[in-house]
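Heads up: the structure comes next, in structure tokens.
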Amino acid sequence: MIYSMTGFGRSRKEGAGYSVSVEMRSLNGRQLDISVRLPKNFFEFEDSCRKIASEKFRRGRIDTYIQIESTDISQKAPRISMTLARYYWNQLEEVNHWIVKGGKPGLEHLLRIPHIYEMPENVGDSEALQGLLSEAVSEAVDQVMKMRALEGQSLMRDFTARIEAIRSDLEIVRKRAGAVRDEFKAKLEERLKQLLGGTEPDENRLLQEIAFLVDRSDINEEIVRLGSHLHQIETILSGPKPADGRRLDFIIQELHREANTIGSKTTDMETVGAVVRIKTEIGKLKEQAQNVE
């Protein structure tokens, strides 16, 4: 089972005198990084929103944008600050007395001053708003998880196809392993004869050296390990728990290491061609693993 790290969710809830809108976006990330943006005067709810997200997500960048609006007109509409209104009225009268020396200021002059208006800061029922907010955030999280799971299905199909392609070429490498060893032995014997010229070497010593070098050129061990790594990846993908993207990335690096070693040990054209194709598929697996949670 695979979860992608990209997704989007949206939720809107009303109740307790408030309207709450939540938008959540999930992106790739090496660690879990949760960002919660709340309107001024509602920062106290940040930790609880972050906790809801952290219980569902293991990795990725989670951006959460929350809007909270009061449906109560007494809370929603700006109010006139009587203290500021009196202060500015006195200022207007003083200006009229000392500078303008005309008609007295009126209410229309006072209401044009923007600074006399203020938004209410008090939260009504904090517990009820907390419940409403938690419900909205949880719903957005569920939507993100559904999208992550849907994209995970696409990733699973791609992983499966590439693993099958690697196994197919690995079988070619396996069948050519004996031929690769024999070819290397023949080339080594010929090269030693050229280097020794007409000198007759100690046959036992020569056979020991050839056996040692041929053993170093054997690719059976790498073939077995490569197959084992493929099996580990399949086990992770098909397990009951969500696949761990970091673990997948580590095993894929090991796949690449084994493929490189095989390529360095042979000049057999058929084997080299298969190794090149295997490394291409491994590179694509690595790219996809970056998207796995």
Segment 48-160: helices (runs of 4 or more DSSP H) wholly inside it with 1 or more residues that are modelled with pLDDT of 95 or more, assigned by TED's automatic domain parsing to the domain that holds SER19 and among the hydrophobic types (A, V, I, L, M, F, W, C) are none
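Condition check ((1) touching a Pro at 6+ places or on another chain (Cβ under 6 Å); (2) hydroxyl-bearing (Ser, Thr, Tyr); (3) surrounded by 13 or more Cβ atoms within 10 Å (Cβ to Cβ); (4) under 17 Å from GLU127 (Cα atoms)) across all residues:
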{"position": "GLY15", "(1), (2), (3), (4)": "no, no, yes, yes"}
{"position": "SER48", "(1), (2), (3), (4)": "no, yes, yes, yes"}
{"position": "THR64", "(1), (2), (3), (4)": "no, yes, yes, no"}
{"position": "LEU84", "(1), (2), (3), (4)": "no, no, yes, no"}
{"position": "GLY103", "(1), (2), (3), (4)": "no, no, no, no"}
For PHE42, are the conditions met, namely being within 26 Å of GLU151 (Cα to Cα) and surrounded by 15 or more Cβ atoms within 10 Å (Cβ to Cβ)? no
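Can you find a residue that is within 27 Å of the chain's Cα centre (by Cα), touching a residue at least 12 places away in the same chain (Cβ under 8 Å) and more than 25 Å from GLN153 (Cβ to Cβ) anywhere in segment 222-236?
Looking for residues that are within 27 Å of the chain's Cα centre (by Cα), touching a residue at least 12 places away in the same chain (Cβ under 8 Å) and more than 25 Å from GLN153 (Cβ to Cβ), one finds at least one in segment 222-236, hence yes.
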Of (1) within 33 Å of the chain's Cα centre (by Cα); (2) surrounded by fewer than 18 Cβ atoms within 10 Å (Cβ to Cβ); (3) assigned to a loop (DSSP other than H, G, I, E, B), ASN260 satisfies every one except (3)
Given the conditions (1) farther than 26 Å from TYR117 by Cβ; (2) in the same structural domain as MET145 (by TED's automatic domain parsing), every one holds for MET1 apart from (2)
Residue set SER11, SER21; condition at pLDDT 95 or above and surrounded by 19 or more Cβ atoms within 10 Å (Cβ to Cβ); output residue SER11
Output for Cβ contacts, cut-off 7 Å, separation at least six or different chains, first residue farther than 20 Å from LEU285 by Cα in segment 254-272, second surrounded by fewer than 19 Cβ atoms within 10 Å (Cβ to Cβ), reads LYS265/SER217; THR266/VAL272; ASP268/ALA179; ASP268/GLU183; GLU270/ILE172
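The values are calculated or read from the model by the stated rules, or taken from the named source; none is laboratory data. Predicted, not measured: the structure shown is a model, and the values here were computed from it. Every residue, glycine as well, gets a Cβ built from its backbone with ideal geometry; the counts of neighbours run over all protein chains shown.
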